[in-house]
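Below is one structure; the comments refer to it alone.
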Amino acid sequence: MATEVAWRSTLVEGSEEEWMPLMDIGTSGLAVGISRHGTWLVGDSSECVPVRSRPGGVRMLPVLEKEPEPTVHQLAAILVECKCLVEGGHEGPLLVAIETALLGGSDYWAGLAVEWLRVLAPSSEILEILEQLVNQPWASQKTRHAARKVLRERQGQLRT
């Protein structure tokens, strides 16, 4: 968890805005948090960007190096504790990181993203990206097979 959960001022796309960092996402000082308007942000003490932006998705990638299940539960618990309502709920920024990783052309990040899909239910957009991933030459056999497995599991759930 970020060291102190409290509102702070920072620059967001060039404008001064208040945000509350909720959870550290790596060792470089980045945190994921929310704006007063209920938007997910990622950044540090000097600058933040919306998670849904291209730079935001890239900044979220280090969260995929954490253990999925405890991280999902931790972020959900923090939102409940601070009584915060935010777009996309607690899974929103995690799904952005997963989508960014799957589209990024890096087997390392794509492999981590596929592992996260064992804990988080993929959106229809992410399922479409997984269908493309299984044929990508840059993805390792291990990553492509893991993607196929997620797709098979999801298709099985849709039938039952």
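Just one of (1) out of contact with any Gly (no Cβ under 7 Å at 6 or more places or on another chain); (2) at negative phi trips up Gly14, so point out which.
With respect to (1) out of contact with any Gly (no Cβ under 7 Å at 6 or more places or on another chain); (2) at negative phi, Gly14 is out only on (2).
Pull up the range 72-125, narrow it to residues that are of a type in the set (Ser, Thr, Tyr) and at pLDDT 95 or above, then point me to the one that is surrounded by the most Cβ atoms within 10 Å (Cβ to Cβ). Let's see the steps before the verdict.
Going residue by residue through the range 72-125, those that are of a type in the set (Ser, Thr, Tyr) are 100, 106, 108, 123-124.
If we keep only those that are at pLDDT 95 or above too, we end up with 100, 106, 108.
Numbers: Thr100: 20, Ser106: 16, Tyr108: 14.
The residue in question is Thr100.
Can you name the condition, by its number, that Thr27 falls short on among (1) of a type outside the set (Gly, Ala, Ser); (2) surrounded by fewer than 20 Cβ atoms within 10 Å (Cβ to Cβ); (3) within 15 Å of the chain's Cα centre (by Cα)?
Among (1) of a type outside the set (Gly, Ala, Ser); (2) surrounded by fewer than 20 Cβ atoms within 10 Å (Cβ to Cβ); (3) within 15 Å of the chain's Cα centre (by Cα), the lone unmet condition for Thr27 is (3).
So which of Ala101, Ala139, Ala110, Ala121 is among the small types (Gly, Ala, Ser), under 24 Å from Ala76 (Cα atoms) and not in a helix (DSSP H, G or I)?
Only one candidate passes the filter, namely Ala121.
Assess whether Val80 counts as being without any contact (Cβ under 8 Å) to a residue 12 or more places away in the chain, under 30 Å from Gly33 (Cβ atoms) and aliphatic (A, V, I, L, M).
Working: without any contact (Cβ under 8 Å) to a residue 12 or more places away in the chain: yes; under 30 Å from Gly33 (Cβ atoms): yes; aliphatic (A, V, I, L, M): yes.
It is true that Val80 is without any contact (Cβ under 8 Å) to a residue 12 or more places away in the chain, under 30 Å from Gly33 (Cβ atoms) and aliphatic (A, V, I, L, M).
Out of all the residues in the range 30-43, which are outside any strand (DSSP E or B) and surrounded by 14 or more Cβ atoms within 10 Å (Cβ to Cβ)?
Within the range 30-43, Leu30, Thr39 meet the criteria.
If a residue has to be loosely packed, with under 15 Cβ neighbours inside 10 Å, touching a residue at least 24 places away in the same chain (Cβ under 8 Å) and over 23 Å from Lys66 (Cα atoms) to count, how many in the range 126-159 make the cut?
Number satisfying all stated conditions: 1.
What residue, of Thr71, Thr27, is in a loop (DSSP other than H, G, I, E, B) and out of contact with any Lys or Arg (no Cβ under 9 Å at 6 or more places or on another chain)?
Values: Thr71 fails: in a loop (DSSP other than H, G, I, E, B).
Result of the check over Thr71, Thr27: Thr27.
The values are calculated or read from the model by the stated rules, or taken from the named source; none is laboratory data. Only a predicted model underlies this, so the values are computations on that prediction, with no experimental measurement involved. Every residue, glycine as well, gets a Cβ built from its backbone with ideal geometry; the counts of neighbours run over all protein chains shown.
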